[in-house]
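Below: the structure, in structure tokens.
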Amino acid sequence: MNMKDYIGIGVLALIVAVMPFAVGNDYYLGVLVFTALNCLTCIGLCLLLGYAGQISLGHSAFVAIGAYASALLTTKLGWNPWAAMGAGIVISLVTAVLVGIPTLKLKGHYLAMATLGFASIVHVVLVAAVDITGGPSGVSGIPRLELFGLALDTDTRIFYFCWALVLVALYFAVNLIHSRVGRGLQAIHGSEDAASSLGVNITVDKIRIFALSAVFASVSGSLYSHYVLYIDPGPFDVMHSVLLITMVAVGGIHSIWGAVTGAVLLSLLPEGLSFLSEGLAQFNIQYKTDYDTLIYGAILLSIMLFLPEGLFDGIRRSFSFFSKTNTETERGQ
Amino acid sequence: MMEPSSVSFSDILQYIIMGVQSGCIYALVAMGFNMIYNATGIINFAQGEFVVLGGLLMVSLTMTLNLPIPLSFAATTLAVTAAGVAMERFTINPVKNPTVLRLIIITIAVSIIVKGAAMGIWGKNSYFMRHFSGSEPLDFLGASLLPQTLWIVGTLVLIVAAYIYFFNHTMTGKCMRACAINRDAARLSGINDRRMVMLSFALSAGIGAIAGIIITPIIQMDYARGALLGIKGFGAAVLGGLGNSMGAIIAGILLGVLEAASAGLISSHYMDAIALFILLLVLFVRPSGIFGSSAAMRLKEF
């Protein structure tokens with residue numbers, strides 16, 4: 001782990017610490033809680049997508065597993081929320097390994113479709129298994145989390161807790177990338193054959209990282225349940241998987257910091273757009289939230305066409321363009 | 001839900017009719033996947049959106065503007081074909097030396113844009129469209145058969161005939177096949193491979209649009225249907241061996257019948273999961289498909 005990452009985590013921690021004082025509005029604080037949850041999932045997804053080079057359009061399924069495990073075990077069986085979250089992690093882990101063993105043998109398009117198929121199946125089951133999941137009407141009355149006897153019942157407390165988890169996850173992910181495992185993963189991304197001939201057990205490593213990213217997604221789902229206190233299958237459809245991929249890709253596939261940047265930007269985008277729509281309304285231009293999808297797509301497409309390494313990399317480059325002159329050689333590569 | 005013991009011959013026949021009806025659509029979507037795959041090696045995640053565009057545009061032309069069906073059919077197909085060409089020109093063609101990951105995300109981005117645009121234009125309602133020739137079901141050996149189903153099967157047969165003629169008896173079709181077999185060799189023989197890629201997007205979008213047009217009277221189209229139609233069509237393409245369009249047709253119909261039968265015999269709530277489950281099973285057990293030779297598929301990248 002190099003100095004830049006420490007500084008990055010330190011700066012982010014500072015921003016997080018002062019944020020509730022700067023915002024002071026529960027609604028926006030709530031938006032930032034969802035941002036944290038997306039960051040958590042995206043950090044895991046970035047390890048899989050950017051470092052191991054394996055695409056997954058199935059992470060909405062793991063978010064859903066975490067969310068439903070927390071919701072159902074606490075409301076129907078009266079479990080402690082932490083135990084339910086743990087159970088969610090275990091279920092996601094087992095599912096990821098079972099799905100990952102056959103799936104991760106596939107590459108590229110096949111892998112994308114297989115994970116997409118898996119996520120669609122989970123969504124269909126959530127809607128159809130009315131007896132267990134409550135079907136489209138969902139589960140309500142989910143209890144809040146408690147930490148050391150302190151209920152996480154205000155937006156500020158939940159905010160601090162979720163962002164603390166994001167910081168821990170970041171620290172963990174950055175360390176992992178610079179470890180032997182992380183370098184092995186990047187070797188897999190480069191060339192599976194070369195990695196395997198140098199002694200990287202590619203099958204096991206891919207499944208491990210898939211399972212790890214599933215755990216991140218599951219925790220984020222559990223936190224969602226315990227924050228919103230009501231869930232239905234709506235937010236966990238395939239579109240959510242696509243949105244997660246968009247976040248990672250917009251920020252920059254090959255960097256954890258890029259994934260976090262993307263997650264923050266796209267989570268705040270709907271707010272930005274609704275703010276914009278108020279401005280546009282003054283000029284008699286009607287903006288509906290229905291157009292959000294179109295804008296997500298347009299952003300994703302333009303990033304992929306013009307900045308395939310993502311916004312974070314674009315920003316970094318334009319900075320280093322001013323500070324150093326060796327960017328030209330970097331670009332030449 | 002009915003007891004399994006009470007399943008009669010006419011019920012089975014009914015499942016087969018229902019299955020063939022949706023199977024024809026999966027087959028058409030799968031053919032669309034195959035065309036682009038053969039020309040470029042890309043799986044177009046926006047394939048299902050062509051179907052939705054076709055259906056919704058047809059609804060607007062026939063139901064809102066009250067144009068005659070043949071005219072709307074032609075106009076819709078042309079418009080969606082143009083959309084396919086635009087997609088290739090603006091999003092696929094400009095990208096030099098793309099990675100698979102980048103191409104996947106690009107086609108996903110296009111699918112989000114089309115979906116978002118469709119939602120903006122047509123809203124979230126699902127649209128009814130009048131049947132091509134009457135919506136009165138015919139009696140067929142005790143099972144009911146909609147005239148529209150005959151239109152669907154007939155259209156598939158016509159498209160397959162056109163497909164066979166085009167790829168076997170026209171110069172352009174043969175050039176496209178040459179590109180699919182070996183792009184470098186085709187280029188060395190003077191074939192403009194970039195134009196073939198554009199053509200593959202055009203044909204694929206056109207076939208998708210036709211699939212959307214003929215199914216809309218039965219399923220009622222809405223903006224969000226693309227993803228599921230796309231992934232089921234992909235299931236048919238894989239089941240038939242990716243790139244093999246004749247295999248895709250048989251696989252599509254098989255998938256439709258299996259889906260309809262299990263929906264009738266097990267539970268209709270899980271209907272959508274069944275086709276996906278079959279897709280996963282094929283991908284895990286035999287990614288070369290039931291008609292693909294595993295020796296030839298070993299050369300391809302999964």
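The values are calculated or read from the model by the stated rules, or taken from the named source; none is laboratory data. No experiment lies behind these values; they were computed from the predicted model shown. Note that each Cβ is placed from the backbone with ideal geometry, even for glycine, and that neighbours are counted across all protein chains shown. Heads up: the accessible areas ignore ligands, DNA and RNA and are worked out on the full protein's heavy atoms, side chains in. Shrake-Rupley method; radii C 1.70, N 1.55, O 1.52, S 1.80 Å.
Taken residue by residue and averaged, Cβ atoms of other chains lying within 10 Å of the Cβ of A:116-127 number 6. Rg/Rh for chain B (Cα atoms only, Rh after Kirkwood) is 0.97. For the pair B:R286 and B:S10, label points projected 7 Å from Cα toward Cβ lie 3.6 nm apart.
Overall, region B:5-158 carries a charge dipole of about 600 debye about its Cα centre when +1 sits on the Cβ of Lys and Arg and -1 on the Cβ of Asp and Glu, all other atoms neutral.
Order these peptides, B:187-197, A:78-88, by their mean beta-carbon neighbour count within 10 angstrom, highest first.
Final packing ranking: A:78-88, B:187-197.
For region A:202-289, the list of chymotrypsin sites (Phe, Trp or Tyr not before Pro) that fall in a loop by DSSP and count at most 13 other C-beta atoms within 10 angstrom reads A:F283.
The aspartates and glutamates whose alpha-carbon is closer than 16 Å to the alpha-carbon of A:K107, local same-chain residues fewer than 8 away aside, are A:E192, A:D193, A:D205, B:E301. Peptide B:273-285 is shielded by partner chain Cβ atoms: per residue, an average of 5 of them sit within 10 Å of its Cβ. Between A:S197 and B:N192, the FRET efficiency estimated from the beta carbon spacing at R0 = 41 angstrom works out to 0.55.
Express in nm, to one decimal, how much length is gained between B:N182 and B:D139 on full extension, taking 0.36 nm for each residue of separation and deducting their alpha carbon distance.
Working it through step by step, the gained length comes to 10.5 nm.
Taking Cα centre as origin and charging only the Cβ of basic (Lys, Arg, +1) and acidic (Asp, Glu, -1) residues, the dipole magnitude of chain A rounds to 740 debye. From its DSSP helices (H runs of at least four residues, each -39,500 (n - 2.57)), chain A gives a residue-normalised ellipticity at 222 nm of -25000 deg cm²/dmol. Only protein heavy atoms count here, probed at 1.4 Å, and on that basis chains A and B bury about 3700 Å² of accessible area in total.
Along the positive direction of the dipole of chain B (beta-carbon charges: Lys, Arg +1; Asp, Glu -1; about the Cα centre), which of B:A236, B:S133, B:V100 reaches farthest? The residue sitting most towards the positive pole is B:V100.
Per residue, the solvent-accessible area of region B:186-302 (1.4 Å probe, heavy atoms of protein chains only, all protein chains present) comes to 39 Å². With a Förster radius of 41 Å applied to the C-beta separation of A:F319 and A:S140, the computed FRET efficiency comes to 0.30.
Along the axis of the charge dipole computed for the protein assembly as shown (Cβ charges of +1 for Lys and Arg, -1 for Asp and Glu, origin at the Cα centre), the listed residues B:N192, B:A202, B:V157 are led at the positive end by B:N192.
With everything on Cα atoms, drop me the angle between helix B:147-169 and the longest principal axis of chain B, reported from 0 to 90° to the nearest 10. For helix B:147-169, the angle is close to 20 degrees.
For region A:3-235, what is the relative contact order in percent, using Cα pairs closer than 8 Å and at least 6 residues apart in sequence? Across region A:3-235, relative contact order equals 41 percent. Each of the peptides A:143-153, B:98-108 was scored by the mean count of other Cβ atoms within 10 Å over its residues; in descending order, highest first, they stand as B:98-108, A:143-153.
I'd like the carbon and sulfur percentage of the solvent accessible area for region A:3-235, probe radius 1.4 Å, heavy atoms only, ligands and nucleic acids excluded.
Of all accessible area on region A:3-235, carbon and sulfur atoms account for 68 percent.
The packing ranking, built from the mean of other Cβ atoms within 10 Å per residue, places the peptides B:19-31, B:166-178 in the order B:19-31, B:166-178, highest first. Across peptide A:300-307, the mean count of Cβ atoms from other chains lying within 10 Å of each residue's own Cβ comes to 5. Between B:H169 and A:L305, the FRET efficiency estimated from the beta carbon spacing at R0 = 41 angstrom works out to 0.60. Dipole check for the protein assembly as shown: with +1 at the C-beta of Lys and Arg, -1 at the C-beta of Asp and Glu, and the Cα centre as origin, the magnitude is about 1680 Debye.
For chain B, the fraction of 1.4 Å probe accessible surface lying on carbon and sulfur atoms is 67 percent.
Here's the list of aspartates and glutamates a cross-link from B:K174 could span, going by alpha-carbon distance under 19 Å and ignoring same-chain residues fewer than 8 apart: B:D184, B:D193.
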